[in-house]
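Here the structure is laid out as structure tokens; the discussion comes afterwards.
The values are calculated or read from the model by the stated rules, or taken from the named source; none is laboratory data. Keep in mind that this is a model prediction, so the values were computed, not measured. Backbone-built Cβ (ideal geometry, glycine too); neighbour counts: all protein chains shown. When the accessible area is computed, the model is the full protein with side chains, heavy atoms only, and any ligands, DNA or RNA have been set aside. Shrake-Rupley method; radii C 1.70, N 1.55, O 1.52, S 1.80 Å.
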Amino acid sequence: MITSWSEIQEELPNLLFGNGLGRTYWEGFSYKSLLELFGDRPVGRYLCTRELFNKLNTENFEEVLRAIYHAYQVSIDNESATKTLYIDVQNALIRSVNEVHPNYRDVPTEHIRECMSKYKSIFTTNYDLLPYWAVLDGGQACFVDYFWGDNEFDLYNSSVYQSKIPIHFLHGALHLRSEKISNTRKIAITLESDLDGALELDFNNTFPLFISEGKSQLKMNRIRSNSYLSFCYRNLRKSNGGLVVFGHDLNEEYDEHIVSAIKASTNSTVAISVFSGLDDSSKKMFVGRINALFADSDQSIKFFESNTHPFAQNKA
């Protein structure tokens, strides 16, 4: 049965949201992958550039950038061509993000911040800047992201005061960079710098850290290779007291690792939003699929209409 949010009686302290949150405020997020935005257009100046994604079995720009950079490091006589290839992929990434991401002034950051502040712990698989902007816009005294001091994540300095609400970027985010093998750093951007501040990339041993595409196993491989992503994922698995899932379809092919983490947690109740824009038949199929996913779990699964949640009450 699908209820309204107001009928969910329990206080559920944890929030997990997916791409549906961004789509609530910006229809540009209704794409499947950044790579698909190119269609038949070339990704760069070299014909081989698009082929690299197929060879690496990925649609994730970060993985391709990393592979090209490593090739540049060991190149003997093709440094110039390899660097051009790298810059082409960087520019393609920036172009794709610019094509789908809203500007700060188009996002109701205050409303998003108020909704997030109702929870004790937040998890997101989104890489967009909406939650980060919401924190920057008046929420820095309330939320923490484990990047303090020099803006570098330190696994041994990850304690959170009880009064603070931690945010976990499970798949990275536009404002995060990976360094060396697994280090993660937050870049300093401001609301005034808007999207441009997060898209400043240099040709060095620093890579954008956001998993925007890829099947579940590929995402999990990337998570395991990074100390910050692994930390966030473990915290989702350790979460307890109840979980709200908003704007996330928990797709078996792309999100199996997220489903596994939820099932491994001690959240006795999991309340999942059903996109209100679906027809009745599609809603029933969604509910049936989710119930099947959690059939081997003793968690109580509840469903509510997405347009009844506070997130959907202010889109401007």
Extension gain (nm, one decimal) between ASN98 and LYS32, 0.36 nm per residue minus Cα-Cα: 22.2 nm
The range 62-178: equivalent-ellipsoid semi-axes (sqrt of 5 x gyration tensor eigenvalues, Cα, Å): 34, 19, 10
Among TRP148, LEU278, ASN307, the residue whose Cα sits farthest towards the positive end of the charge dipole of the chain, when +1 is placed on the Cβ of each Lys and Arg and -1 on the Cβ of each Asp and Glu, is TRP148
Can you give the Kirkwood hydrodynamic radius of the chain from its Cα pairs, in Å with one decimal? 20.4
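Taking the Cα centre of the range 190-316 as the origin, how large is its charge dipole in debye, to the nearest 20, when only Lys and Arg (+1) and Asp and Glu (-1) carry charge on their Cβ atoms?
The dipole of the range 190-316 has a size of about 620 debye.
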Ranked output for segments 286-299, 61-74, 234-247 by mean other Cβ atoms within 10 Å, highest leading, reads 234-247, 61-74, 286-299
Hey, with R₀ at 25 Å, roughly what FRET efficiency would SER268 and ARG289 work out to, going by the Cβ-Cβ distance, to 0.05? 0.70
Inter-part distance where the range 9-50 and the range 265-280 are each reduced to a Cα centre, Å: 20
Considering only protein heavy atoms, what per residue accessible area in square angstrom results for the chain with a 1.4 angstrom probe? 47
Starting from the Cα-Cα distance between SER225 and ALA81, subtract it from 0.36 nm times their residue separation and give me the gain in nm to one decimal. 49.0 nm
Total charge dipole magnitude, the chain, about the Cα centre, Cβ charges on Lys, Arg, Asp, Glu only, Debye to nearest 20: 580
Over all alpha-carbon pairs in the range 185-227, figure out the percentage whose distance exceeds 13 Å. 65
Percent carbon-and-sulfur accessible area, the chain, ignoring ligands, DNA and RNA, probe 1.4 Å: 48
Under a 5 Å amide H to amide H cut-off, with H placed in plane at 1.01 Å, what residues pair with VAL144 once short-range neighbours are removed? ILE165, ILE167
For LYS263, go through the aspartates and glutamates and keep the ones whose alpha-carbon is under 14 Å away, minus same-chain ones fewer than eight residues off. GLU252, ASP255, ASP296, ASP298
Working with all protein chains in place, sort ASP279, ASP137, ASP77 by solvent-accessible area computed with a 1.4 Å probe, largest first. ASP77, ASP279, ASP137
Quote the Stokes-Einstein diffusion coefficient, in whole µm² s⁻¹, for the range 1-55, based on the Kirkwood radius over alpha carbon pairs, a temperature of 10 °C and a viscosity of 1.306 mPa s. 103
Which angle between 0 and 90 degrees, to the nearest 10, do you get for helix 252-264 versus the longest principal axis of the chain when only C-alpha atoms count? 50
The chain: relative contact order in percent, alpha carbon pairs under 8 Å with at least 6 residues between: 24
Efficiency by 1/(1 + (r/R0)^6): what FRET value for GLU152 and LEU278, r their Cβ-Cβ distance, R0 = 30 Å, to the nearest 0.05? 0.10
